[in-house]
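Visitor: The structure follows.
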Amino acid sequence: MKDLMPENGQFAMPKLGYDNLGEIISKETLSFHHGKHLKAYVDNLNKLLPGSGLEGLSLVEVVKKAEGGMFNNAGQVLNHAMYFEQFGNTPKPMSADFAASLKRDFGSVEAFKKEFEQKGATLFGSGWVWLSADKEGKLVITQQRNAENPVTLGLRPLLTFDVWEHAYYLDYQNRRADYLAALWQIVDWAIVEERL
Ligand code: MN
């Protein structure tokens, strides 16, 4: 699963593995979303860490233990690190094994995608829709508000779509459902499946 370790008590800014995502997410959105929104969360987390008692822990451990502003900023760093990592402009397709797991738990890959999009579209306000594995390996979809991450529910997070307006407003305005439907084109399933 995705996790990050601090160096000298500070988390580094997660790097992008690509310089564009074609027309699915514009360079302008990438610039604001990664370069400004995520940077602010990283900077805020690093300001809050000294003296918090959580120095030296991995990012996932901080998310599990933190409260208040520390939780909000740590959660958003973890959520965005996973979100930006899972995309590519030459993404790897889903494996037959993973498709079989989705079919087992949702009926079909298409039924999974439809439910994932629907849960993203109907999450009121800001948050994230997640695909995770539970302790028995069953795949589940959760809606999480604000900075929440499935690790706090004991789940192993695999895939997430950000439904905060800052993720899509420049490119899709109020059309959140169109943004969600378009994202499948850039999901790198090799990265998602490595998190299992
Ligand atoms: Mn975001």
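Where a number appears in this text, it was derived from the coordinates with a stated rule and is not lab data. All values reported here derive from a predicted model rather than from experimental measurement. Note that we place each Cβ from the backbone using ideal geometry, even for glycine, and neighbour counts take in every protein chain shown.
Visitor: Return the subset of Lys27/Lys47; Lys2/Lys92; Lys15/Lys92; Lys15/Lys47; Lys39/Lys92; Lys39/Lys103 for which the Cα-Cα distance in this structure is over 26 Å, preserving the input order.
Guide: Result: Lys27/Lys47; Lys39/Lys92; Lys39/Lys103 exceed 26 Å.
Visitor: Let me ask another. Report P(r) for the chain: all Cα-Cα distances, bin width 10 Å, range 0 to the bin holding the largest distance, values in whole percent.
Guide: 9, 37, 38, 15, 1
Visitor: Take the Cα pairs of region 96-194, get the Kirkwood Rh, then feed it into Stokes-Einstein at 4 °C and 1.567 mPa s and tell me D in µm²/s.
Guide: Value of D from the Cα-based Kirkwood radius: 93 µm²/s.
Visitor: If each residue of separation counts as 0.36 nm, what is the full-extension length gain between Ala181 and Phe32 once their alpha-carbon separation is subtracted?
Guide: 51.5 nm
Visitor: Using amide H atoms built 1.01 Å from N in the peptide plane, name the residues 5+ places from Gly127, or on other chains, whose amide H lies under 5 Å from its own.
Guide: It is Asn146, Val163, Trp164, by chain and number.
Visitor: Can I ask one more? What whole-number distance in Å separates the alpha-carbon centres of region 21-56 and region 177-196?
Guide: Distance between centres, Cα-based: 20 Å.
Visitor: I need the peptides 163-169, 29-35 ranked by packing, meaning the mean over residues of other C-beta atoms within 10 angstrom, with the highest value on top.
Guide: 163-169, 29-35
Visitor: Sum up the charges of everything whose Cβ sits under 14 Å from the Cβ of Gly88, counting Lys and Arg as +1 and Asp and Glu as -1, but leave Gly88 out.
Guide: So the surrounding residues net to -3.
Visitor: Using 1/(1 + (r/R0)^6) with R0 = 41 angstrom and r between the beta carbons of Leu153 and Asn8, what's the FRET efficiency to the nearest 0.05?
Guide: E between Leu153 and Asn8, to the nearest 0.05, is 0.85.
Visitor: For the chain, find the longest principal axis of its Cα atoms and tell me its angle to the long axis of helix 39-48, 0 to 90°, nearest 10.
Guide: Tilt of helix 39-48: around 40 degrees.
Visitor: Still on this structure: Under 11 Å from the Cβ of Pro14, count the other residues' Cβ atoms, weight Lys and Arg +1, Asp and Glu -1, and hand me the total.
Guide: +2
Visitor: First select every other residue whose beta carbon is under 10 angstrom from the beta carbon of Ser126; then total the charges, Lys and Arg +1, Asp and Glu -1.
Guide: Local charge sum for Ser126: -1.
Visitor: Further question on the same structure: With θ set to phi - 60°, apply the Karplus curve 6.51 cos²θ - 1.76 cosθ + 1.60 along region 143-148 and write out the HN-Hα couplings as whole Hz, x wherever there is a Gly or Pro.
Guide: So the Karplus estimates, Gly and Pro as x, are 9, 10, 7, 6, 9, 5 Hz.
Visitor: Quote the charge dipole size of region 19-63 about the Cα centre in Debye, to the nearest 20; the model charges only the Cβ of Lys and Arg (+1) and of Asp and Glu (-1).
Guide: It comes to approximately 140 debye.
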